[in-house]
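Working notes for the structure below.
Every number here is computed from the coordinates shown, using simple stated rules; none is lab data. From a predicted model like this one, the values you see are computed outputs, not experimental measurements. Using ideal geometry, Cβ is built from the backbone for each residue, glycine included, and neighbour counts are taken over all protein chains shown.
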Amino acid sequence: MLEAFPGAVVNVELKSDGLGDPRLALAVARLVRPRAGTGRVLVSSFDYALLAAFRLAAPEVPVGLLLAADRGWEVRDRLGAVLVPASVHPQLALCTDERIAAWRRRGLAVCAWTVDDVAEAERLARAGVEALIANEPGAAREAVRRVTGR
């Protein structure tokens with residue numbers, strides 16, 4: 001992906017069944033570390049043990065905490081701070097204006113998922129969300145442009 005889309009920022013999600021194999025974290029670290037200084041790579045996961053293993057292997061690569069409404073997100077958000085994340089990636093249901101503001105006050109970028117409603121995309125852009133994960137990225141991009149002018 002990094003070679004195919006040389007100007008894109010790539011979010012690499014480490015997926016696991018909850019018992020993440022640290023070998024995955026090490027393998028991904030070897031692949032992305034050469035590009036760490038470019039600002040083009042972010043590694044995220046719901047599996048914080050896997051993210052911790054990645055963080056140890058590649059401390060210079062930013063990580064993002066995936067948060068889902070049905071996975072004890074409040075505890076995960078607080079515990080995840082130990083990983084010194086660059087961002088949080090909350091499910092749309094968690095993205096109230098108040099929570100977005102609180103995450104931003106903590107210095108975190110906010111990347112909401114999955115945002116397929118244009119009105120929601122506009123609201124999130126006004127609230128300061130930095131990125132959206134959407135099934136219809138063109139519509140989301142246009143909604144953000146209408147609000148931000150970018």
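Taking 0.36 nm per residue of sequence separation and subtracting the Cα-Cα distance, how much length would be gained by fully extending the chain between residue 101 and residue 135, in nm to one decimal?
Roughly 9.8 nm would be gained on extension.
Hey, got the dipole for the stretch 29-77? About the Cα centre, +1 on K and R Cβ, -1 on D and E Cβ, debye to the nearest 20? Write out the running numbers ahead of the final one.
On the way: 7 positive and 5 negative charges, 71 e Å.
That gives the stretch 29-77 a dipole magnitude of about 340 debye.
Of 147, 75, 32, which is farthest on the positive side of the dipole of the chain, counting Cα position, with +1 on Lys and Arg Cβ, -1 on Asp and Glu Cβ, and the Cα centre as origin?
Positive-most Cα among the choices belongs to 32.
Counting helices only, and only those DSSP H runs with n ≥ 4, report the 222 nm mean residue ellipticity of the chain as the sum of -39,500 (n - 2.57) divided by its residues, in deg cm²/dmol to the nearest 500.
The helix contribution divided over the chain gives -11500 deg cm²/dmol.
Which whole-number percent gives the relative contact order of the chain, counting Cα pairs below 8 Å spaced six or more residues apart?
Averaging sequence separation for qualifying contacts and normalising by length gives 15 percent for the chain.
Just to confirm my numbers, what's the Cα centroid distance between the stretch 124-150 and the stretch 1-30 in Å?
24
Provide 103, 113 in ascending order of the number of other Cβ atoms located within 10 Å of each residue's Cβ, fewest first.
Lowest count first: 113, 103.
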